[in-house]
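The structure appears below as structure tokens.
Any read-out appearing in this document is the output of simple, stated calculations on the displayed coordinates, not a laboratory observation. Predicted, not measured: the structure shown is a model, and the values here were computed from it. Counting neighbours? That spans all protein chains shown, and the Cβs are built from the backbone with ideal geometry, glycine included.
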Amino acid sequence: MDKIFMTARQLLIESGSHAPGVCAADFNVGPGGGLRIERVADVLRPVLSSYTVFDSDSDLYPNSKNWMLPNWARIWIGLTADLFDVSIGSRRYARVGTASLIGVTSRGMPLTTYGGRSIAIDIAPLAWARLFAPSAESLRDRITPLAELVPAGWSEDLIARVVESERGTDLKFILDAFFLERLPPAHAQEAMLARILALLTDPETNDLSGAAAQVGIDNRLLLRLTKQYFGFPPKILLMRTRFLRALTAMAVDCGKPDFSVAPPGYHDNSHFIRDSNRFLGMTPRRFLALELPYLRTIARAHAGNGSRDIVARQGELSILLRANGGFCDKRTFGDDSANDRGWVASNTSPISTPENKWVQGLRPCLPEALLPKKQLSRSPCRAS
């Protein structure tokens with residue numbers, strides 16, 4: 001495994017995206033840094049959303065302080081021996097590298113990065129249902145070696161393919177090919193999970209339980225599904241979504257945030273500040289006063305590559321915020337056995353298997369995840 005690490009500093013990746021109509025200037029993160037944001041292949045998009053490649057010169061950024069916002073889970077692959085140190089609440093993870101799963105998170109996370117190249121693969125609830133047997137709640141606010149959660153050889157195959165991408169420009173196609181071959185079939189409840197996700201990411205949803213009941217998902221089932229695949233019970237899940245939506249809107253605003261006006265979805269500023277202390281450990285004013293030079297760059301890049309619709313479908317916004325001179329921002333927006341969950345245990349593409357079961361497995365969630373939602377009458381109650 002040691003052979004995967006870069007022993008000599010290579011050229012930085014070429015910033016940009018393969019998405020049509022993207023302006024490369026939108027990905028300019030300055031000298032000593034590189035960034036790529038790629039949309040996944042269309043057939044994968046109902047389940048996965050994007051891949052992000054970060055690169056920074058370790059000589060220029062040897063010990064940088066950064067922040068990550070609460071988000072869905074991510075597979076994080078580092079191509080340097082010491083990728084980052086991070087604190088998640090009372091837990092501290094030192095020298096996180098190689099391939100790890102960062103579980104769904106409930107709070108902002110300070111981290112120290114050491115330069116080098118890393119890849120983040122967003123794992124929202126639909127992807128979690130396909131990939132991992134443990135509940136998202138049980139791995140919340142934790143970092144776990146990826147190899148402990150997937151069948152033998154899966155993580156090693158993923159790393160080996162990532163290493164093939166020397167400049168980063170071909171990484172999208174390498175990862176698309178990997179997931180086309182190795183992503184398990186659709187989960188039995190995928191369409192229902194997509195309905196919950198659509199309700200959650202709709203700004204008009206003020207009561208997730210009430211909205212879910214109107215589409216045939218009772219409270220007991222909603223609680224079980226959200227804890228298993230989203231990582232939180234419905235009330236906290238909606239609170240976190242609402243807070244991140246409001247905070248991100250402030251962070252990407254080119255003007256100075258107006259803290260005298262309560263953000264949309266909030267009764268008043270004290271309500272917003274209370275959520276900020278819960279999810280960030282500080283007030284929004286204090287957090288947004290941190291140096292965030294990369295944030296607007298990432299926002300422009302996403303607007304340019306047309307990925308805002310993907311952000312909306314997949315849920316939360318994930319931003320790796322630079323603080324105090326550090327590198328990298330990111331905005332992207334059971335007991336079943338491995339065999340029972342339909343793992344593809346070889347490199348043979350499922351598309352060529354009998355009846356094309358894997359491809360068919362993706363299609364049922366398309367109407368729920370992608371088509372316009374019907375307007376529903378919703379309770380005036382808000383999460384508090």
Roughly how many whole Å is it from the C-alpha centroid of the range 159-212 to that of the range 72-146? 16 Å
If I model a spin label at residue 223 and residue 174 as a point 7 Å from the Cα along the Cα→Cβ vector, what separation in nanometres do I get? 4.6 nm
Taking the Cβ of residue 93 as the centre, find all other residues whose Cβ is under 10 Å away and add up their charges (Lys, Arg: +1; Asp, Glu: -1). +3
Tell me, Kirkwood radius of the range 136-267 from alpha-carbon pair distances, in Å? 18.1 Å
As an exercise, use a Förster radius of 35 Å and the Cβ-Cβ distance of residue 286 and residue 213 to find the FRET efficiency, rounded to the nearest 0.05. 0.35
